[in-house]
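This report concerns only the one structure given below.
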Amino acid sequence: MRINKRQKHTKPPNLSAHEWHALAIMGFCALLPLSALAQQSAGERQDKTISNDTAIANTVAPAIELPEAQGEQQNTLPPAATVNRAIDFASAAEALREKAVRYRTLAQHWQPIDAGTPLRAGDQGPRVAQLRAILKLYGDYQGPLGPLASAQSSEDRFDAGLQRAVESYQRRHGIEVTGTANRATLEALSRPPQELAEILEINAARWDKLPAKPGNRYIFVNVPDYQLQLIDGQQVVLSMKTVVGKSSKRTPDLNTRVVSVVFNPTWTVPRSILLTDLLPKARNFPEAMHKRGYRVIRYGTNTTTPISEKSLESAARGKATLRQIAGPGNTLGRVKFVIPNKQAIYLHDTQAQSLFEQRHRAFSHGCIRLQQPEELAYALLGKQGWDRTRVAQATTGDESVTIKVKNPPKLFITYLTAWVDHLGQVQFRPDIYHRDR
């Protein structure tokens, strides 16, 4: 991309101090309505849906993806959108295939960014111009920001408009939003559109396996996005962060239902976890495991005995296993959601709340840990007389209580590293299980 050097070195107009001051006030006043609009939209988001930061991940200005549309740029920050509409299952695969065609068109105009150090606000040079060109191509760059931006902007300078474009790109790709073209961002930008088009088609095939009509009320978990959504009438009424299975203990794809909620659950340890993890710990630290509520339970008789060398040997031979009693220290936390499946997968609470502060959250043995399990319990049991106070009371103490869910909603646990959101934006996420290869 050739830079207009004459425009780059154009001197500012010769204005008096009073005129400069007046112009600055005009610029500030021009931004005030945008701030008010953003605050109003934020209030609407809070009223319409219970969610965490998933709205941010899917809120991007309309994309300008074809090269001939690059001139259609917006010079002001668009109002924030209330993200509460679910993806249409019936058209999701076709939307991905249409985007794949467009990405192959973009491949004819795409040029990589030269290798180098991260780029940040204030930097200047040909690599900044290359960064701007790619983000224009993908539609993340919507032009310079501010009333004075047009006169002061330069293609090779990392300005506020480019920083906003980088943030948009990072949100769409599940990268930590910093506004800096850091190593993770530059690595993602180095993937050519042709490669991304193939990923879009792979994910379209995954959508083909899901039902076109999921029902009026259902729960949707996308493993690579680390998110759970409760959808009611095509609206996302609840969303929260999740922790999913690590690469060696992958969370499987499931099409099932949430049939019951268990408050203060016990945990019967699956044999795979028993042999690889807890049995060695119980042998080395029997007293510590006992204090954490673990007991040996014999199959068939369902009787429990304290941890001892003899009882652990019985567990090793497959005649018994470990069970953790209900209570505040239980691995499943205070709430468990029963979902029929052959892999012993649950949705459940967790004691390790700090994990939700991390962006990439593949840490479990396959189950899905929830950031707000009590909110999901209330959403599922609210029409059965369970208000938030009753839910909170049920999570105290050590007694296990199981409540069947009337009209149990469908649950879809799927693996999507790309999708088209309700704004028409392409979202990408890291391929944490290497299934796109």
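The values are calculated or read from the model by the stated rules, or taken from the named source; none is laboratory data. Quick caveat, the model's predicted, so the values are computed rather than measured. Using ideal geometry, Cβ is built from the backbone for each residue, glycine included, and neighbour counts are taken over all protein chains shown.
One residue stands out in region 376-422 among those that are in a loop (DSSP other than H, G, I, E, B), among the polar types (S, T, N, Q) and more than 21 Å from the chain's Cα centre (by Cα): the one that is surrounded by the fewest Cβ atoms within 10 Å (Cβ to Cβ), namely ASN407. Considering only residues in region 180-212 that are more than 28 Å from GLY161 (Cβ to Cβ) and basic (Lys, Arg), the one that is farthest from the chain's Cα centre (by Cα) turns out to be LYS209. When region 246-261 is filtered for residues that are surrounded by 21 or more Cβ atoms within 10 Å (Cβ to Cβ) and assigned to a strand (DSSP E or B), only VAL261 remains. Can you confirm whether ILE134 is surrounded by 20 or more Cβ atoms within 10 Å (Cβ to Cβ), within 23 Å of the chain's Cα centre (by Cα) and not in a strand (DSSP E or B)? So ILE134 fails the test. Taking the criterion of being touching a Lys or Arg at 6+ places or on another chain (Cβ under 9 Å) and closer than 19 Å to VAL258 by Cα, the residues of region 381-399 that qualify are LEU381, GLY382, LYS383, GLN384, ALA394, THR395. Here ARG292 fits the description: touching a Gly at 6+ places or on another chain (Cβ under 9 Å), under 26 Å from THR396 (Cβ atoms), in contact (Cβ under 8 Å) with a residue 12 or more places away in the chain and among the charged types (D, E, K, R). Of the residues GLY215, GLY161, the single one that is small (Gly, Ala, Ser), under 30 Å from VAL259 (Cβ atoms) and either assigned to a loop (DSSP other than H, G, I, E, B) or more than 18 Å from the chain's Cα centre (by Cα) (or both) is GLY215.
When ILE345, ILE403 are checked against the criterion of being of a type in the set (Val, Ile, Thr), in contact (Cβ under 8 Å) with a residue 24 or more places away in the chain and within 23 Å of PRO430 (Cβ to Cβ), ILE345 stands alone in meeting it. With respect to being buried (at least 21 other Cβ atoms within 10 Å of the Cβ), touching a residue at least 24 places away in the same chain (Cβ under 8 Å) and either of a type in the set (A, V, I, L, M) or assigned by TED's automatic domain parsing to the domain that holds VAL243 (or both), LEU355 falls outside the description. Would it be correct to say that ASP123 is touching a residue at least 24 places away in the same chain (Cβ under 8 Å), acidic (Asp, Glu), outside the structural domain of GLY382 (by TED's automatic domain parsing) and buried (at least 21 other Cβ atoms within 10 Å of the Cβ)? Spelling it out, it is not the case that ASP123 is touching a residue at least 24 places away in the same chain (Cβ under 8 Å), acidic (Asp, Glu), outside the structural domain of GLY382 (by TED's automatic domain parsing) and buried (at least 21 other Cβ atoms within 10 Å of the Cβ). Say whether the condition of being buried (at least 17 other Cβ atoms within 10 Å of the Cβ) and among the polar types (S, T, N, Q) is met by at least one residue in region 205-219. No. Being charged (D, E, K, R) and touching a Lys or Arg at 6+ places or on another chain (Cβ under 8 Å) holds for only one residue in ARG292, ARG250, ARG257, ARG271, and it is ARG257.
Out of all the residues in region 328-342, which are loosely packed, with under 14 Cβ neighbours inside 10 Å and either more than 18 Å from LEU278 (Cα to Cα) or hydrophobic (A, V, I, L, M, F, W, C) (or both)?
The answer is PRO328, PRO340, LYS342.
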